[in-house]
1. Once the Cα atoms of helix 24-40 and of the chain are each reduced to a long axis, what angle between those two axes, in degrees from 0 to 90 to the nearest 10, is obtained?
2. So if the hydrodynamic radius of region 1-40 is defined as the Kirkwood radius over C-alpha pairs, what does Stokes-Einstein give as its diffusion coefficient at 20 °C and 1.002 mPa s, in µm² per second?
3. Using a Debye calculation, one point per C-alpha and no hydration shell, please list log10 I(q)/I(0) for the chain at q = 0.21 Å⁻¹ in order.
4. Stretch residue 75-residue 16 to full length: gain in nm at 0.36 nm per residue minus the Cα-Cα span?
5. Return a whole-number percent for the relative contact order of the chain, with Cα pairs under 8 Å and 6 or more residues apart as the contact set.
6. Counting Lys +1, Arg +1, Asp -1, Glu -1, what net charge surrounds residue 22 among other residues with beta carbon under 11 Å of its beta carbon?
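None of the figures in this text is laboratory data; all of them are computed from the coordinates on show. As the structure is a computational prediction, the values presented were derived from the model and not from experiment. Every residue, glycine among them, receives a Cβ derived from its backbone with ideal geometry; neighbour counts consider all protein chains shown.
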Amino acid sequence: MAQEYVRFRIDLAIPKSDWDDAPAGQRNKIRLDILDIKSRALKINQGKQNEEDTIMAKWHVCRHEFGDCPCIEIDISEDVPNIAQKRKL
Ligand SMILES: [Zn+2]
């Protein structure tokens, strides 16, 4: 049976310094809201040849201006400030 989906396709680059300056409660609320949406997501056409990876929410810390420094991409379930400390961003 055909199924309609509400699908979020979001790619919003915020300067990390602005993100770091935002109140911790606001940052955590955004993360928790995304995790809540992710918990409701299903894979479109799951188990079929045309299955889509529609249960994906990641942090992507862009470092394009740092020469050969690779971008860092981690699952949204991890917290960016903690990872930044671990990896010395
Ligand atoms: Zn990047």
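1. With rounding to tens, the tilt is 20 degrees.
2. Once the numbers are plugged in, D ends up at 173 µm²/s.
3. The Cα Debye sum returns log10 ratios of -1.11.
4. Extra length from residue 75 to residue 16 when fully extended: 19.6 nm.
5. Relative contact order for the chain comes out at 18 percent.
6. Around residue 22, the surrounding residues sum to 0.
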